Amino acid sequence: MQLRRTLLPLVLLTATTLAACGGGDDSDSGAARDDSSPSASSGPSDGNQVGVSACDLLTTDEVAAAVGSPVKEGIEQSGQPITGGTFTSCQWMSDDPDNPADAASLYLYTNTAAADSAREDDSQVLEGIGDQAFSVAFAGVWVYEGEQSFLAQWYTFSGTDEENLPTSEALARAAVEKLSA
């Protein structure tokens, strides 16, 4: 039973990571956005580059303040999602011994195509975060900020999406503040 309890967060975070990187072969990824959303970028050739890595954007203290829980140093990854462009991600695991599976994640993309591909018909629009924002499963918050997009997420094994979403929103606001500075 303990093994299942430990593996479930890992499976859910892996699924979220795969979803954040695209995962579909829909060639019309911009079709899901409404006409008022920022225009999608085609990739790195258009000159849009994430100027900072996800782990460098927010300090451990800033993440801890946003999520209201101590976190460990971030673990960074980067690559090229199937939606084009590049991404950098950072995951800060909980430093709370009572909740070691809790995690904050941030995925920065050089374009808006990844966010376009993640938007679903039932995605909830979130006001006041970046140029435009919406929520996805597992309390994820996708944000359009200029010509780039990002996913911010706070996941707790014991919490529901509804309980974790405000914390994911706070993490997204912290990232927008730093990106806009």
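The values are calculated or read from the model by the stated rules, or taken from the named source; none is laboratory data. These numbers were taken from a predicted model, which means no experiment stands behind them. Because the Cβ atoms are built from the backbone with ideal geometry, glycine has one as well, and the counts that use them run over all protein chains shown. These area figures cover heavy atoms from the full protein model, side chains too; ligands, DNA and RNA do not enter into them. Shrake-Rupley method; radii C 1.70, N 1.55, O 1.52, S 1.80 Å.
Within the group Q148, Q124, which residue is closer than 16 Å to A54 by Cα and open to solvent by 20 Å² or more (accessible area, probe 1.4 Å)?
Q148
Look at the range 66-81 and say how many of its residues are within 19 Å of V176 (Cα to Cα) and open to solvent by 100 Å² or more (accessible area, probe 1.4 Å).
The qualifying residues number 0.
I need a count of the residues in the range 89-121 that are part of a strand (DSSP E or B), in contact with a Pro (Cβ under 9 Å, 6 or more places away or on another chain) and open to solvent by less than 10 Å² (accessible area, probe 1.4 Å).
3
Just the residues that are outside any loop (DSSP other than H, G, I, E, B), within 18 Å of S89 (Cβ to Cβ) and among the small types (G, A, S), please, taken from the range 134-181.
Correct list: G140, S149, A152, S168, A172, A174, A175.
On the basis of being over 26 Å from G159 (Cα atoms) and at pLDDT 95 or above, does T83 make the cut?
So T83 fails the test.
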